[in-house]
Amino acid sequence: MQLIGRNLSPFVRRTAIVLNLLEMKYEQVGLSTADDTDKIAKVNPVVRVPSMILDDGENLLDSNAIIDHLLEVGDPENSLLAPSGADRRAVLRLAAIGHGVMEKAVSSTYERNRRPKDKVFDGWVNQVEGQVQGGLAALNDAAAASEWLHGDHLTLAEVNAVVAHDFVMIAEKYLMKDDPYPALTALANRCNAMPAFGDTAFKPG
Ligand SMILES: N[C@@H](CCC(=O)N[C@@H](CS)C(=O)NCC(=O)O)C(=O)O
């Protein structure tokens, strides 16, 4: 299996962590949407990452679809996501908050870095960053309430929460001044000490 994209992308990184947690073998092809547009377009006509090429050549697009497949084939015990009911809904709700933080943090990055400086709209940046902060605060509250975000073990909720936290640390570090989300930071530190998470940390260069 090939995972297309670099771990700077939170969507790629969360996919890589799920692969690691499920101990599934894969090769990562570190293409960037900024520099490798033509190569990515051959795999995904919308030119986004991640995508995943399965061993038989089938091509999956979007971290949600990829992770859905990985859980189906690689998580028979439904450890990362309960099969049904209130537990499944609760994990999906927390995972959606983490995913939403990723989307908003990426959106803020594009607004600030992909426009000429005089065309950046501060009002929009502030709104989007308020959404990032709202999501991080909710995850921090959940992290402060118990050992795991939901239930008695690590789930997709932690994967997304930790990746969202770490991406904001890279992309909007000024939002993390004075550690405003200490319980989430502690959770991130705990998870990043596990090779499944730590081995995927983005290394520039
Ligand atoms: N919903 C998608 C979002 C993927 C996404 O936005 N990836 C970014 C990289 S962080 C990307 O490809 N950006 C290029 C673009 O949208 O033009 C997922 O979960 O995979």
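Read-outs throughout are calculated quantities, based only on the coordinates presented, and are distinct from any laboratory measurement. All values reported here derive from a predicted model rather than from experimental measurement. For neighbour counting, all protein chains shown are included, and Cβ atoms are generated from backbone atoms with ideal geometry for every residue, glycine included.
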Qualifying position, being hydroxyl-bearing (S, T, Y) and in a loop (DSSP other than H, G, I, E, B), among T15, T33:
T33
Looking at R48, is it assigned to a helix (DSSP H, G or I) and at negative phi?
no
Taking only the range 12-36 into account, find how many residues are surrounded by fewer than 22 Cβ atoms within 10 Å (Cβ to Cβ) and near the ligand (Cβ under 9 Å from one of its atoms).
3
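If a residue has to be surrounded by fewer than 13 Cβ atoms within 10 Å (Cβ to Cβ) and within 8 Å of the ligand (Cβ to nearest atom) to count, how many in the range 47-63 make the cut?
Looking only at that region, the number is 0.
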Quick check on my filter: what residues within the range 173-197 are part of a loop (DSSP other than H, G, I, E, B) and either under 15 Å from A137 (Cβ atoms) or of a type outside the set (G, A, S) (or both)?
K177, D178, D179, P180, Y181, M194
Please determine, by comparing only the residues of the range 129-153 that are among the hydrophobic types (A, V, I, L, M, F, W, C), surrounded by fewer than 22 Cβ atoms within 10 Å (Cβ to Cβ) and within 17 Å of the chain's Cα centre (by Cα), which one is farthest from I170 (Cα to Cα).
A138
Out of all the residues in the range 155-172, which are buried (at least 24 other Cβ atoms within 10 Å of the Cβ) and assigned to a loop (DSSP other than H, G, I, E, B)?
T155
